[in-house]
Amino acid sequence: MPHWWNVSWPSSSIISVFQGLLTPTVAVIATYIAWQQYKANRYKLKLDLYQQRFRVFEALRDVLAMMYTTGVDEKKLFELLSKTRETEFLFGPDIKDYVETVRFHATTLSSAHKALDEMLRTNAPAEKRAPMAKGESQETTWAYDETRRIPAKFGKYLDLSKL
């Protein structure tokens with residue numbers, strides 16, 4: 001056993017040493033807890049951002065699917081507007097422009113569908129209906145093609161590893 005082991009320290013010195021170490025130890029623990037809270041809050045913020053972005057993605061995907069299946073009416077267009085209202089704050093200008101493009105195509109399809117229905121109801125000649133039917137078909141085809149492109153357009157915003 002080393003010779004310093006047998007040295008007797010006064011108990012007040014030992015207490016003083018531990019009291020001196022207590023403050024830095026508490027400070028280190030408090031700093032660690034604060035760092036963990038900071039990291040948890042950052043992850044929560046990222047999750048919230050992801051959820052808001054995914055909601056816009058789903059709304060657009062649903063409208064595109066409706067465009068080539070059942071058609072889009074004013075109620076669905078209003079829902080799209082309300083679900084994508086904050087797009088410019090959640091995404092870059094590319095997605096904002098894309099939302100406007102989808103709205104335009106959905107509105108065009110809805111208008112063409114209404115006009116074609118009216119023409120069919122009034123027994124309009126086929127040559128008058130043909131341009132509306134062609135426009136409706138083009139918008140439907142556009143929407144179908146977009147359902148394959150939309151994941152790539154949103155990919156950089158919904159990639160969790162990049163948030």
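Readers should treat all values here as calculations from the given coordinates under stated rules, not as data from a laboratory. No experiment lies behind these values; they were computed from the predicted model shown. When we count neighbours, we look across all protein chains shown, and the Cβ atoms used for this are built from the backbone with ideal geometry, even at glycine.
Here are a few things to note about the model shown:
- Once C-alpha pairs closer than 8 Å and six or more residues apart are averaged by separation and normalised to the residue number of the chain, the relative contact order reads 27 percent.
- Between helix 126-158 and the chain there is an angle of about 10 degrees, using the helix long axis and the longest principal axis of the Cα atoms.
- Stokes-Einstein diffusion of the chain at 10 °C, 1.306 mPa s viscosity, Kirkwood radius from Cα pairs, rounded to a whole number: 76 µm²/s.
- 3J(HN,Hα) couplings calculated from phi for the stretch 44-56 with the Karplus curve 6.51 cos²θ - 1.76 cosθ + 1.60 (θ = phi - 60°) are, in sequence order, 5, 4, 5, 5, 4, 4, 4, 5, 5, 5, 5, 4, 5 Hz; Gly and Pro show x.
- For the stretch 98-163 versus the stretch 61-77, the gap between their alpha-carbon centres in whole angstrom: 8 Å
- In order along the stretch 60-75, phi translates into HN-Hα couplings of 5, 4, 5, 5, 4, 5, 5, 4, 9, 10, 9, x, 10, 10, 4, 4 Hz, rounded to whole numbers, per the Karplus curve 6.51 cos²θ - 1.76 cosθ + 1.60 with θ = phi - 60° and x for Gly and Pro.
- Listed by chain and number, the lysines whose C-alpha is less than 16 Å from the C-alpha of Lys134, apart from same-chain residues fewer than 8 away, are Lys114.
- Likely footprinting exposure, Leu80, Leu116, Leu158, Leu109, fewest C-beta neighbours within 10 Å first: Leu158, Leu116, Leu80, Leu109
- Net +/- balance of residues flanking Leu120 in space, Cβ distance below 13 Å, scoring K and R +1, D and E -1: +1
- Options Gln51, Leu120, Thr140, ranked by Cα towards positive dipole end of the stretch 1-141, top entry (Cβ charges): Gln51
- For the stretch 14-19, Karplus couplings with θ = phi - 60° (6.51, -1.76, 1.60), whole Hz, Gly/Pro x: 5, 4, 4, 5, 5, 5
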